[in-house]
Every structure is written in C-alpha cells, then in structure tokens.
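This report refers to the structure that appears directly beneath it.
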Amino acid sequence: MTAQLSAKIPSLKWPGANVNLTVEETRRIAMALCEFCRKFGYFLLAGHGIPDELIAAAFEETNRFYSRTPEDKARFNCSVQSQFLGYRGLGAEKSRIYEGGEACEQYRIGNTVPSPGQSERTEFYQEPFARGTVLFRELVKIGDRLTSLCAMGLGLDGSFFDSFMEAPLHRFGLNYYGLGAGQQIGNTAHIAMTPHVDHAIFTILTQDEPGLEVLSPEGE
C-alpha cells in the first residue's frame with residue numbers, strides 16, 4: 001500500500017490497558033470508534049499497550065512452525081473435532097472467485113465451546129505457540145474493550161453485548177504467505193488471498209511484511 005493511501009486510514013488513539021479514563025474521555029473514544037466504523041470500516045489502533053516484544057515473539061514462533069517439515073505440520077491439521085483449530089496447508093482453503101486454492105498456509109488457535117463427543121484436545125493445537133497464545137489473550141481483551149466502546153457509541157451501556165459473548169469463538173490466525181506459493185499450487189491469480197469480508201465483529205490485523213490491503217469506500 002502506498003504511503004498516500006495508508007495516510008488516509010484514520011487512527012484511533014488508544015490510551016493503553018492500564019490507563020484510567022474519565023467518563024468524557026471514554027465517551028470521546030467511543031464516538032470516534034463508531035464514526036470510523038460507519039464511515040470507513042477500518043482504522044489504525046494506536047497505543048494499544050501490547051509490547052512490541054510479544055508481537056515479535058509470536059512472529060518468530062510462526063516462522064519456526066512454518067519452517068517445519070510438511071509431515072510435522074500435518075500433525076496439527078484442523079478438523080471438525082478440533083473446532084477448526086490448527087493447521088491448513090497451502091491451498092487447502094479454496095478461492096471463491098477463481099479456480100484453485102488460497103496461496104497461503106494458515107494456523108488457528110483460540111477458544112472453543114463444549115462439544116458432545118469431542119475427542120480432540122483443543123489445547124494440543126496451541127502447543128507450538130506459547131507466546132502466540134499469550135498474545136491471543138491480550139488481543140481478546142482489546143476486542144472486548146472495542147465491543148464495549150462500540151456499545152457506548154451506540155448510546156448503550158458498555159456491558160450491553162456481554163451476554164452475547166458468553167461462549168466466544170475468538171480465533172487467532174497465523175498466516176504465512178510464502179514467495180511463489182501460488183505457482184506451487186498452480187494458481188494463475190497474482191494475489192495470495194481472495195478479497196473478502198471477515199465474518200467477525202472486529203478483526204485485528206498486524207503484519208511483519210507489507211502486503212495487506214483494505215478497500216476504501218471510494219474504491220481505492
């Protein structure tokens with residue numbers, strides 16, 4: 001994304017998790033959040049309070065996992081029994097707009113809900129990502145705060161959505177876009193992931209290489 005376009009992404013000033021805000025400060029952030037969601041659908045989250053070292057450690061774990069042999073990674077393959085936590089190999093997820101699969105490897109850790117007859121240990125799928133699991137928990141806290149602020153911005157009590165989140169299926173996705181991955185699976189498209197809308201209230205994104213893009217309301 002060019003600097004010109006990235007400069008158009010609004011920034012939400014986040015005071016950090018341990019900062020006590022006044023009612024007026026909280027209201028101001030909530031109103032800004034709702035404005036960005038209505039007008040753009042995305043924003044930069046500044047001052048979120050998660051240490052850079054923790055994010056870097058999660059990326060290092062991710063690189064180490066994707067450096068494993070295919071057989072070793074396949075031990076963590078996702079399934080219905082794992083509630084789709086775990087590993088999806090290159091091209092396992094099919095594109096919705098062209099023939100072929102998505103040119104990336106994917107891994108999911110996260111919360112689960114009780115499932116009758118479930119035989120898989122869901123904790124098994126977090127084993128390769130000790131630091132990533134810590135980061136996931138911190139991101140859940142941010143997601144919960146965003147949801148609370150969203151309620152306030154709508155003129156509701158900050159706890160309005162809590163009852164709907166008693167068994168949240170939060171997911172932490174660790175995607176790897178390898179150079180030349182599309183050619184490996186015979187894709188002719190030049191993109192690694194099909195353009196899509198995430199099925200979530202909020203999606204929190206970070207990257208260690210350029211490439212992620214969002215579509216502006218003006219079509220840029």
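The values are calculated or read from the model by the stated rules, or taken from the named source; none is laboratory data. As the structure is a prediction and not an experimental result, all values here were calculated from the model. Don't worry about glycine lacking a Cβ; one is built from the backbone with ideal geometry, like all the others, and counts go over all protein chains shown. Quick note on the areas: whole protein, heavy atoms, side chains included, nothing else; ligands and nucleic acids left out. Shrake-Rupley method; radii C 1.70, N 1.55, O 1.52, S 1.80 Å.
Of everything in region 127-137, what is open to solvent by 60 Å² or more (accessible area, probe 1.4 Å) and either in contact with a Gly (Cβ under 7 Å, 6 or more places away or on another chain) or assigned to a helix (DSSP H, G or I) (or both)? Give them in sequence order.
Ala130, Arg131, Arg137
Among the numbered criteria (1) assigned to a loop (DSSP other than H, G, I, E, B); (2) out of contact with any Ser or Thr (no Cβ under 9 Å at 6 or more places or on another chain); (3) among the hydroxyl-bearing types (Ser, Thr, Tyr); (4) at pLDDT 90 or above, which single criterion is violated by Ser159?
If we test Ser159 against (1) assigned to a loop (DSSP other than H, G, I, E, B); (2) out of contact with any Ser or Thr (no Cβ under 9 Å at 6 or more places or on another chain); (3) among the hydroxyl-bearing types (Ser, Thr, Tyr); (4) at pLDDT 90 or above, just (2) comes out false.
Quick one: in region 84-108, of everything that is on the phi > 0 side of the Ramachandran plot and over 17 Å from the mean Cα position of the chain (by Cα), which residue is surrounded by the fewest Cβ atoms within 10 Å (Cβ to Cβ)?
Quick first cut of region 84-108, residues on the phi > 0 side of the Ramachandran plot only: 84, 86, 91, 100.
Then keep just the ones that are over 17 Å from the mean Cα position of the chain (by Cα); that gives 91, 100.
Numbers: Gly91: 19, Gly100: 15.
The selected residue is Gly100.
How many residues are outside any loop (DSSP other than H, G, I, E, B), touching a Lys or Arg at 6+ places or on another chain (Cβ under 7 Å) and closer than 24 Å to Leu139 by Cα when one looks only at region 71-104?
Counting residues in region 71-104 that are outside any loop (DSSP other than H, G, I, E, B), touching a Lys or Arg at 6+ places or on another chain (Cβ under 7 Å) and closer than 24 Å to Leu139 by Cα gives 2.
Which condition does Arg68 not pass, out of (1) part of a loop (DSSP other than H, G, I, E, B); (2) open to solvent by less than 70 Å² (accessible area, probe 1.4 Å); (3) within 16 Å of Leu174 (Cβ to Cβ), if it passes all the others?
For Arg68, the exception is condition (2).
Under the condition of being among the polar types (S, T, N, Q) and either modelled with pLDDT of 75 or more or farther than 18 Å from Leu139 by Cα (or both), which residue from region 1-34 is least open to solvent (accessible area, probe 1.4 Å)?
Only one residue fits best here, namely Thr26.
Return a yes/no flag: does region 144-153 have any residue that is part of a loop (DSSP other than H, G, I, E, B) and either of a type outside the set (Lys, Arg) or open to solvent by 20 Å² or more (accessible area, probe 1.4 Å) (or both).
There is no residue in region 144-153 that is part of a loop (DSSP other than H, G, I, E, B) and either of a type outside the set (Lys, Arg) or open to solvent by 20 Å² or more (accessible area, probe 1.4 Å) (or both).
Are there any pairs, at least 6 apart or on different chains, whose C-beta atoms fall under 9 Å, with the first in region 109-123 and open to solvent by 50 Å² or more (accessible area, probe 1.4 Å) and modelled with pLDDT of 65 or more and the second among the aromatic types (Phe, Trp, Tyr) and not in a loop (DSSP other than H, G, I, E, B), and if so, which?
These pairs meet every condition: Asn111/Phe136.
May I ask you to list pairs of residues, at least six apart or on different chains, whose Cβ atoms are under 9 Å apart, with the first in region 177-188 being under 19 Å from Gln207 (Cβ atoms) and the second being open to solvent by 100 Å² or more (accessible area, probe 1.4 Å)?
From region 177-188, the pairs are Tyr177/Glu209; Gly178/Gln184; Gly182/Thr188; Gly182/His190.
Among all residue pairs at least 6 apart or on different chains, which show Cβ distances below 7 Å where the first residue, located in region 70-81, is over 14 Å from Gln106 (Cα atoms) and the second is loosely packed, with under 12 Cβ neighbours inside 10 Å?
Gln81/Ser119
Taking Thr62 as meeting all but one of (1) part of a helix (DSSP H, G or I); (2) farther than 30 Å from Thr188 by Cα, write down the number of the exception.
Of the numbered conditions (1) part of a helix (DSSP H, G or I); (2) farther than 30 Å from Thr188 by Cα, the odd one out for Thr62 is (2).
If you go through region 156-172 one residue at a time, do you hit one that is aliphatic (A, V, I, L, M) and either open to solvent by less than 30 Å² (accessible area, probe 1.4 Å) or under 17 Å from the mean Cα position of the chain (by Cα) (or both)?
Among the residues of region 156-172, at least one is aliphatic (A, V, I, L, M) and either open to solvent by less than 30 Å² (accessible area, probe 1.4 Å) or under 17 Å from the mean Cα position of the chain (by Cα) (or both), which makes the answer yes.
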